[in-house]
Amino acid sequence: MKAIRRTTLALTAAALLAAPLAALAQDIKPRLIRFGYGLNEQSNQGRATRLFAEQVEKLSAGKMRVRAVGAAALGPDTQMQQALIGGAQEMMVGSTATLVGITKEMALWDTPFLINNVREADALLDGPVGQKVMDKLQEKGLVGLVYWENGFRNLTNSKRPVTKAEDFDGIKLRVMQNPVFLETFKSLGANAVPLPFSELFSALETKTVDGQENPYNTILSSKFYEVQKYLSVTNHVYSPWIVLASKKWWDGLSADEKKVLLTAAKASRDFERKDTREEGAKALADLKAKGMQVNELSTAESARMRDKLTKINASVAANVGMDLWNEAQAELKKMRGAK
């Protein structure tokens, strides 16, 4: 009887000890990360965000989970940036151009005709110059993880083909809320109107603005072909996206958690760039098939536009700092000389 009683007591004690441990295990929930982005779930941005989320969950063995929120449901880029700075949101991906008001060095990426091809883009963004620009964000409450590719920007409008600089005259063109973009298109003769991306389709549909400029992928995934007739291949700016984290939130993570996010971010970057480039070539063909009239600028007209924008480039150089500007130019010169 004593043996039975001892066994019963032991089992009861074990059960009592196990109960709080089981309750504790139930209380340990995965770290939830709200990750906002502007395009829809079917876009290149949406696909890369999904891969990032999968990688985070896999690398953390389920201890970290990403809740992706697309279609600007958490607000436009500028609103999400402020949410990150305040610690109300954990992560996002958005345009570097919308960060210029926060970190002036980001204006480097808005320089018209700075980058000629994706090889130059990758080397500059992933090298010392790109890192220096990204590191400046921490002073403002943001942490940059990696650059994704938005792509070379091209012009669409509903009024006429733009084949020369004079064709910009009288076109109300939506541009990002960014001083370099505003001044660039004013210099080319357009009536530049700053507007959040989330309001763009409606503005085009109602003729509040006549045109916009974005890479082929975004033009297609956002269905701008439904409200725009003309597409001019200008390749006037190479436009990156950047994956950001709230510094307030980031500083509270463990070293292992930071490593998971950085590793997942780099995997998403490599996937996103490949995906975007493959989709870009197909997107142009799809836009033609959907009825857009496509024209390419002649080399002479591109040169004329560059000449009109020399003051803009000088302004960018002064704004971002001559040391950074000269380092970027030296890197590009080295790459171009190595061909």
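The values are calculated or read from the model by the stated rules, or taken from the named source; none is laboratory data. As the structure is a computational prediction, the values presented were derived from the model and not from experiment. When we count neighbours, we look across all protein chains shown, and the Cβ atoms used for this are built from the backbone with ideal geometry, even at glycine. Side chains included, ligands, DNA and RNA excluded: accessible areas come from the protein's heavy atoms. Shrake-Rupley method; radii C 1.70, N 1.55, O 1.52, S 1.80 Å.
Reported to the nearest whole Å, the Cα centre-to-centre distance from the range 122-200 to the range 46-61 is 28. Using just its DSSP H runs of length 4 or more, each adding -39500 (n - 2.57), the chain gives a mean residue ellipticity at 222 nm of -15500 deg cm²/dmol after division by all residues. Here the spin labels are modelled as points 7 Å beyond Cα on the Cα-Cβ line, and at Arg304 and Met335 they lie 2.9 nm apart. Of the trypsin sites (Lys or Arg not before Pro) found in the range 138-235, those that fall in a DSSP loop while having at most 14 other beta-carbon atoms within 10 Å are Lys164, Lys207, Lys223. Taking the longest Cα principal axis of the chain as reference, the axis of helix 255-289 is set at about 40 degrees.
Accessible surface of Leu220, taken over heavy atoms with a 1.4 Å probe and every protein chain present, rounds to 30 Å².
Give the peptides 63-72, 236-245 in descending order of average Cβ contacts within 10 Å, highest first. Before the final figure, lay out each step's value.
Details: 63-72: 17.4, 236-245: 25.3.
Top to bottom by mean Cβ count within 10 Å: 236-245, 63-72.
Expressed as a fraction of 2.2 N^0.38 Å, the value expected for a compact globular protein of N residues, the C-alpha radius of gyration of the range 45-132 is 1.28. For the range 95-253, averaging the sequence separation of C-alpha pairs within contact (under 8 Å, six or more residues apart) and dividing by the residue count gives a relative contact order of 37 percent. Average accessible surface for the chain: 46 Å² per residue, computed with a 1.4 Å probe over protein heavy atoms with every protein chain in place. For the chain, the share of DSSP beta bridges that are antiparallel, to the nearest 5, is 55%. Solvent-free Debye calculation, one equal scatterer per alpha-carbon of the range 208-339: log10 I(q)/I(0) at 0.15, 0.18, 0.19, 0.20 Å⁻¹ equals -1.10, -1.22, -1.23, -1.24. Most tightly packed first, judged by the mean number of other beta-carbon atoms within 10 Å of their residues, the peptides 73-79, 290-296 read 73-79, 290-296.
Across the range 230-317, C-alpha contacts under 8 Å between residues 6 or more apart give a mean separation that, scaled by the residue count, equals a relative contact order of 63 percent.
When the dipole is taken about the Cα centre of the range 38-93, and only Lys, Arg (+1) and Asp, Glu (-1) are charged at their Cβ, what size is it in debye, to the nearest 20?
On the way: 6 positive and 5 negative charges, 41 e Å.
Roughly 200 debye for the range 38-93.
Helix 322-337 and the longest principal axis of the C-alpha atoms of the chain enclose an angle of approximately 80°.
For the set Lys229/Lys288; Lys104/Lys258; Lys186/Lys288; Lys58/Lys258; Lys58/Lys282, the pairs lying more than 22 angstrom apart at their alpha carbons are Lys104/Lys258; Lys186/Lys288; Lys58/Lys282. In terms of its C-alpha gyration tensor, the chain comes out prolate, because a/c is 1.5 or above and the ratio a/b outweighs b/c. Percent of Cα pairs in the range 260-327 per distance bin of 5 Å, from zero to the largest separation: 3, 12, 9, 9, 11, 17, 20, 11, 5, 1. Take each peptide in 316-329, 98-111, count the other Cβ atoms within 10 Å of every residue, and average; sorted highest first, the result is 98-111, 316-329.
Using θ = phi - 60° in the Karplus curve 6.51 cos²θ - 1.76 cosθ + 1.60, the 3J(HN,Hα) couplings for the range 42-48 round to 7, 7, 4, 5, x, 5, 5 Hz; x is entered for Gly and Pro. Across the range 196-206, computed HN-Hα scalar couplings (Karplus, 6.51 cos²θ - 1.76 cosθ + 1.60, θ = phi - 60°) run x, 4, 4, 9, 5, 4, 4, 5, 5, 5, 8 Hz from first to last residue, x flagging Gly and Pro. The stretch between Asp323 and Asn117 holds 71.8 nm of extra length on full extension. This uses 0.36 nm per residue minus the Cα-Cα distance. Across the options Ala289, Ser268, Ser315, the greatest Cα extent toward the positive end of the charge dipole of the range 239-325 (unit charges at beta carbon of Lys, Arg, Asp, Glu) belongs to Ser315. For the range 139-240, a Kirkwood radius taken over Cα pairs fed into Stokes-Einstein (10 °C, viscosity 1.306 mPa s) yields D = 113 µm²/s. Annotation: amide H-H contacts under 5 Å for Val146 (H modelled 1.01 Å from N, sequence separation of 5 or more, or interchain): Val243.
Using the beta-carbon distance between Thr206 and Lys288 and R0 = 25 Å, what value does 1/(1 + (r/R0)^6) give for FRET efficiency, to the nearest 0.05? Spell out each step's value before the answer.
Numbers: r = 26 Å, r/R0 = 1.02.
After rounding, the FRET efficiency stands at 0.45.
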